[in-house]
Amino acid sequence: MKDTQSGFPEHFLWGGAIAANQAEGAWNLDGKGPSVADAITYKANLDLTNYEGHMALSDQNIDDALNGHNDALYPKRRGIDFYHRYKDDLALFAEMGCKVLRVSIAWARIFPTGEDAEPNEAGLQFYEDLFREMRKHQIEPLVTLSHYEMPLVLSEKYNGWVHRNVVDAFVRYSNVCFDRYKDLVRYWLTFNEIDSIHRHPFTTAGIRHEKSAPGRETRDVYQGLHHQFVASALATRDCHAKIPGSQVGCMLTKLTTYPRTCHPADVEATLKKNIENYFYTDVQIRGAYPPLIKRDLELRGIQIEMQPGDEDILRQYTVDFLSFSYYMSLTESTQPDAERIAGNTVLGVKNPYLPASEWGWQIDPVGLKISLLELYDRYQKPLFIVENGLGAKDSIEDGKIHDGYRIDYFRSHFEQMEQAINEGVELMGFTSWGTIDIISAGTSQMTKRYGFIYVDQDDDGNGSLARLRKDSFWWYKKVIASNGRDL
Ligand code: BGP
């Protein structure tokens, strides 16, 4: 049933998204063990677009996290203190009219080492309180089980997801969550941006190349990815069995890529980028490794160890919907003269037709519509945009934050969403990335602000943590109240 005035369905789930490791803080309180995120430092004054630089990692980081040293170097350990302030923050989200809130559960708050004899009751209670508070405000929880915050001890013991034992640990953790929250949560996501294991093996899967045998680095990442595919399918099986009416989604970084020219070489290179991006959703939605990916792995000499029954598990327990993040489109070129975007190999070459954010992310609202059409045409599964937004250096002027640029970003993307819906795409909802300013995943900066709500904290942790409504807060409140009619 469509809302007669606009393309958005009557019960469209408007909301926002955060992640435990970027918002909660309280990194070692109430029994929580160290997560891999607690070992990610911040390198002050790095070039804003030097994405990899901020993720720099060393044995010192690991030791600091395992032994609680040097808190000030690790911004994700403090987050924005959501752990203690969530009631006030939820009241602000409810004031905006949010109908859904995407959050993640920090695995190490439930199982501090990942393999503890019993779960940590204080951790379980925190999330029960959080979900009950959300429901008090009629906010639907959308819960990610793994969002870059696996127990650091599993990384140290097994080199993360490379080892099959981590599958068992994750399935056990997921079942404890399903049992405890079955009356509170019905929308679940298994792995955040499961494809990002190739870009950030440590934060995504606790894998460190120095712990792999020489020459086995890439193979270990694919082995870890396979284990995550199996774990995701088993968790989907158990969620459906334990929570009637529950819906489980996969989650993809949608990296829609254009050829820089119509030169066939550019078109072929781009096609291969897009085929690679579909690999992850093909496995989790179609239930099998795509033939071209299997052949590519063979040609590269990458042998994944599968246990008997793995392929049946993948085929039997596919997800109910496809969720994805979209921030930008990418452009691919085989020509040596194409200008590449500095400091971030993921971003590819510059698209001469698009503006970019201060972090070099190319802003492309039409790319969101293209992504929606592509994904729906390929899978005919309900879609959910669970991350989209503009990271920007907001500033306070006379006590206000005039972020018209963020309003423009969202307005142009919502217009494209509405067109896609009107052209037949089934879109369940939209959760903006960063309902509230939180610590950046890639750079660990506070400077890279996404929220409708400003948080008084700088990159070094100075500030009152006071929350301030930005201009975009009032604008989004109006959009939600009108179900997308009043943009
Ligand atoms: C995605 C992550 C989110 C979020 C987003 C923005 O990859 O799923 O956690 O952080 O990126 O990235 P960043 O915070 O680096 O700007």
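The values are calculated or read from the model by the stated rules, or taken from the named source; none is laboratory data. Computed from a predicted structure; not experimentally measured. Cβ sites come from the backbone with ideal geometry, for glycine too, and all protein chains shown count toward neighbours.
Based on what the data block shows, is CYS239 surrounded by fewer than 19 Cβ atoms within 10 Å (Cβ to Cβ), away from the ligand (no atom under 16 Å from the Cβ) and hydrophobic (A, V, I, L, M, F, W, C)? If you could, list the steps in order and put the result at the bottom.
Numbers: surrounded by fewer than 19 Cβ atoms within 10 Å (Cβ to Cβ): no; away from the ligand (no atom under 16 Å from the Cβ): yes; hydrophobic (A, V, I, L, M, F, W, C): yes.
Spelling it out, it is not the case that CYS239 is surrounded by fewer than 19 Cβ atoms within 10 Å (Cβ to Cβ), away from the ligand (no atom under 16 Å from the Cβ) and hydrophobic (A, V, I, L, M, F, W, C).
Is it the case that segment 118-137 has a residue that's hydroxyl-bearing (Ser, Thr, Tyr), more than 22 Å from the chain's Cα centre (by Cα) and closer than 18 Å to ASN28 by Cβ?
Of all residues in segment 118-137, those hydroxyl-bearing (Ser, Thr, Tyr) come to 127.
From the residues that got through so far, the ones that are more than 22 Å from the chain's Cα centre (by Cα) too are none.
No: zero hits.
Residues that are away from the ligand (no atom under 16 Å from the Cβ) and under 30 Å from GLY245 (Cα atoms): which helices (runs of 4 or more DSSP H) entirely in segment 110-212 hold 3 or more of them?
On the way: elements: 121-136, 152-158, 165-181, 201-205.
The qualifying helices (runs of 4 or more DSSP H) are 121-136, 165-181.
TYR376: of a type in the set (Ser, Thr, Tyr), within 15 Å of the ligand (Cβ to nearest atom) and assigned to a helix (DSSP H, G or I), yes or no?
Working: of a type in the set (Ser, Thr, Tyr): yes; within 15 Å of the ligand (Cβ to nearest atom): no; assigned to a helix (DSSP H, G or I): yes.
No.
Can you tell me which residues in segment 441-487 are modelled with pLDDT of 95 or more and hydroxyl-bearing (Ser, Thr, Tyr)?
TYR450, TYR454, SER464, SER472, TYR476, SER482
Could you tell me whether segment 101-109 includes any residue that is β-branched (Val, Ile, Thr), outside any loop (DSSP other than H, G, I, E, B) and either touching a strand residue (DSSP E or B) at 6+ places or on another chain (Cβ under 9 Å) or closer than 30 Å to ASP195 by Cα (or both)? Before the answer, list the steps.
Step one: of segment 101-109, the residues β-branched (Val, Ile, Thr) are 103, 105.
Next cut, outside any loop (DSSP other than H, G, I, E, B) only: 103.
From what is left, the residues that are either touching a strand residue (DSSP E or B) at 6+ places or on another chain (Cβ under 9 Å) or closer than 30 Å to ASP195 by Cα (or both) are 103.
Yes - at least one qualifying residue is present in segment 101-109.
Residues are listed down the side, and each one gets a yes or a no for (1) under 25 Å from TYR278 (Cβ atoms); (2) under 19 Å from the mean Cα position of the chain (by Cα):
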| position | (1), (2) |
| --- | --- |
| TYR327 | yes, yes |
| THR334 | yes, no |
| LEU347 | yes, yes |
| TRP359 | no, yes |
| GLY367 | yes, yes |
| HIS413 | yes, yes |
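Is there a residue being in contact with a strand residue (DSSP E or B) (Cβ under 8 Å, 6 or more places away or on another chain), at pLDDT 95 or above, within 15 Å of the ligand (Cβ to nearest atom) and not hydroxyl-bearing (Ser, Thr, Tyr) anywhere in segment 342-349?
Scanning segment 342-349, I find no residue that is in contact with a strand residue (DSSP E or B) (Cβ under 8 Å, 6 or more places away or on another chain), at pLDDT 95 or above, within 15 Å of the ligand (Cβ to nearest atom) and not hydroxyl-bearing (Ser, Thr, Tyr), so the answer is no.
Would you say ILE438 is crowded, with 23+ Cβ neighbours inside 10 Å, in contact with a strand residue (DSSP E or B) (Cβ under 8 Å, 6 or more places away or on another chain) and modelled with pLDDT of 95 or more? Before you say what the answer is, go through the steps one by one.
Working: crowded, with 23+ Cβ neighbours inside 10 Å: yes; in contact with a strand residue (DSSP E or B) (Cβ under 8 Å, 6 or more places away or on another chain): yes; modelled with pLDDT of 95 or more: yes.
When the stated conditions are applied, ILE438 passes them.
Which residues, counting only those in segment 34-59, are modelled with pLDDT of 90 or more and out of contact with any strand residue (DSSP E or B) (no Cβ under 7 Å at 6 or more places or on another chain)?
Taking segment 34-59 and keeping what is modelled with pLDDT of 90 or more, we get 34-40.
Hits for segment 34-59 are PRO34, VAL36, ALA37, ASP38, ALA39, ILE40.
Out of the residues in segment 436-487 meeting the condition of being outside any loop (DSSP other than H, G, I, E, B), farther than 30 Å from ALA39 by Cβ and basic (Lys, Arg), tell me which one is farthest from the ligand (Cβ to nearest atom). Spell out how you get there, then give the answer.
Just the residues of segment 436-487 that are outside any loop (DSSP other than H, G, I, E, B), to begin with: 436, 449, 453-455, 467-469, 471-481.
Checking which are farther than 30 Å from ALA39 by Cβ leaves us with 468-469, 471-481.
Subset that is basic (Lys, Arg): 469, 477-478.
Numbers: ARG469: 21, LYS477: 23, LYS478: 25 Å.
Checking each candidate, the answer is LYS478.
Among the residues that make up segment 405-428, is at least one of them buried (at least 16 other Cβ atoms within 10 Å of the Cβ), at pLDDT 95 or above and touching a Ser or Thr at 6+ places or on another chain (Cβ under 6 Å)?
The answer is yes; a qualifying residue exists.
If ASP296 meets every condition in (1) over 24 Å from the mean Cα position of the chain (by Cα); (2) within 22 Å of ARG164 (Cα to Cα) apart from one, which number is that one?
With (1) over 24 Å from the mean Cα position of the chain (by Cα); (2) within 22 Å of ARG164 (Cα to Cα) applied to ASP296, the lone miss is (2).
Which numbered condition trips up GLY31, out of (1) at pLDDT 95 or above; (2) surrounded by fewer than 16 Cβ atoms within 10 Å (Cβ to Cβ); (3) of a type outside the set (Asp, Glu); (4) on the phi > 0 side of the Ramachandran plot?
(2)
Does ILE207 count as surrounded by 24 or more Cβ atoms within 10 Å (Cβ to Cβ), farther than 21 Å from ASP59 by Cα, out of contact with any His (no Cβ under 7 Å at 6 or more places or on another chain) and touching a residue at least 12 places away in the same chain (Cβ under 8 Å)? Before the answer, list the steps.
Numbers: surrounded by 24 or more Cβ atoms within 10 Å (Cβ to Cβ): yes; farther than 21 Å from ASP59 by Cα: no; out of contact with any His (no Cβ under 7 Å at 6 or more places or on another chain): yes; touching a residue at least 12 places away in the same chain (Cβ under 8 Å): yes.
The answer is no for ILE207.
Please work out which residue is nearest to the ligand (Cβ to nearest atom), limiting yourself to segment 424-435 and to residues that are assigned to a strand (DSSP E or B) and under 15 Å from the mean Cα position of the chain (by Cα). Don't jump to the end; show me each part of the working.
Our first condition is that a residue be assigned to a strand (DSSP E or B); within segment 424-435, this holds for 427-433.
Of the ones still in play, those that are also under 15 Å from the mean Cα position of the chain (by Cα) are 430-433.
Numbers: PHE430: 15, THR431: 11, SER432: 11, TRP433: 5 Å.
Of everything passing the filter in segment 424-435, TRP433 is nearest to the ligand (Cβ to nearest atom).
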